[in-house]
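Visitor: Before I ask anything, let me first share the structure, which is written out below as structure tokens.
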Amino acid sequence: MNRQPKSTVTSSDDKKPRRSRPAVIDMDIHHEIRGLGDLLPYLPEQWKRYISDYGWVPERPIPFNQIRKDTKYRMDARPEDGATPGSDYELLKRQLLDEHHVEYGMLTGWFYEATVCKGWYEFAAARASAYNDYTAEHWLDRDPRLLGSITIPREPAAAVREIDRMAAHPQMKQVMLPIADFAWGDPYYHPIFEAAHRHGLPIAMHLSAIITAQGGDFLRYYVAWRSVHPQAYMTQTISLITNGVFDKYPDLQVSLVEGGFEWVPFMMHRMDSAYKALRQETPWVKRMPSAYFRDNMRFTTQPWDDLSGEQFMHIIGLMESDEMLMYASDYPHWDFDPAARTLPPGIPETLRRKILYDNARSYLRL
């Protein structure tokens, strides 16, 4: 896993170097299972029958039933046999890894056990383990370019056991926490952060099917649901900082995936202002909130909002850091962002390389 980015690309037929292409690390690739039957070989016998005989399926909240359904995918991403887009390695390899010259690709999945069930944690833990084993055998073992995210159940003790079990896999490079209707910064969940920190693994947070507007009920339209995503990410960010997660685990890195980044400077300054006036309320928070943003938090480019180069550089200037953003494609979803067309023209090449490659390489400790 110590490959260096190649400056030229050659073929066996033509040994002359071709035009160099920038190295790319994609931080959000949604690989899928074709169905719950894919998990059966990895489940203990006591749990298999709940799927095979009793017809168990994950809870499907209102957003999943009403919003987009299969139209959330690229039109060309469905395999010829009609399986779920993202479930076919060969198609993903051709459409993403090869076509877009991805040096490393982070599999983020979509089977987020921490949001599936608020009880029956033993079964949830077994499904998380099965999903991780399936990912390792059917994806990671097939391509050294692919990296994995450890899926965990919500209950901390079971989550820690799963992190301890999977952390030794050389291609499992982060722990996945889905963003739902509870705040991960609560001290109840701190054992999860401790386990990730102990293994030198960063944490990724990604929206889930049950993400809700933090200030109200479910929004009626997809455009509204999509627009409110940053609000949920703000809630999680505030929770992590005010509950002292980064004071307990100062080297921990947390990436917020698919939540945008334009809101980050606003929240950095908003939290700094509140901290100056009310710091006595959280004496365990030892630094300005903006410092935790810069040192401990990372954000991905997708969904890209068609910023001009001037607008983009203004946001980077407000962040006061060029190390906080990482490229993500969101394959195979409809709003897929290819690396070559994500960043605006006119930005410095050093910054372009950092976002497409270097920042993720540092975050993942490759």
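Visitor: About the Cα centre of the chain, how large is the charge dipole given +1 on each Lys and Arg Cβ and -1 on each Asp and Glu Cβ? Please answer in debye to the nearest 20.
Guide: In total the dipole reaches around 580 debye.
Visitor: Would you be so kind as to identify which of 282, 317, 338 lies farthest towards the positive end of the dipole of region 258-342, taking Lys and Arg as +1 and Asp and Glu as -1 on Cβ and the Cα centre as origin?
Guide: Farthest along the dipole direction, towards plus: 282.
Visitor: Cross-chain or 8 or more residues apart, Cα under 27 Å: how many lysine pairs in the chain fit that? Count them up, please.
Guide: Within the chain, the lysine pair count is 23.
Visitor: For region 24-364, give the share of DSSP beta bridges that are antiparallel, in percent and rounded to the nearest 5; count only bridges with both residues there.
Guide: About 5 percent, rounded to the nearest 5.
Visitor: So, counting K/R as plus one and D/E as minus one, what does the shell of residues with Cβ under 10 Å around residue 286 add up to?
Guide: +1
Visitor: Then there is this: Residue 142 versus residue 361, label points 7 Å from Cα toward the beta carbon: distance in nm?
Guide: Modelled inter-label distance: 2.7 nm.
Visitor: Place +1 on the Cβ of every Lys and Arg and -1 on the Cβ of every Asp and Glu in region 24-364, take the dipole about the Cα centre, and give the residue among 57, 85, 259 whose Cα lies farthest towards its positive end.
Guide: Value: 259.
Visitor: In addition: Output needed: percent of Cα pairs per 20 Å distance bin for the chain, bins running from 0 to the one holding the longest distance.
Guide: Computed distribution, short to long bins: 29, 60, 11, 0.
Visitor: For residue 224 and residue 164, calculate 0.36 nm times their separation in residues minus their Cα-Cα distance, and state this gained length in nm to one decimal.
Guide: Difference between extended and current length: 17.7 nm.
Visitor: Mean Kyte-Doolittle of at least -1.0 and a Cα length of 18 Å or more along the axis: which whole DSSP H helices of the chain meet both?
Guide: Qualifying helices, which must be both long enough and hydrophobic enough, are 121-138, 229-242, 264-278.
No lab work stands behind these numbers, since they all come straight from the coordinates. What you see is a predicted model; the values in this text were computed from it and never measured. Note: ideal-geometry Cβ built from the backbone for every residue, glycine included; neighbour counts use all protein chains shown.
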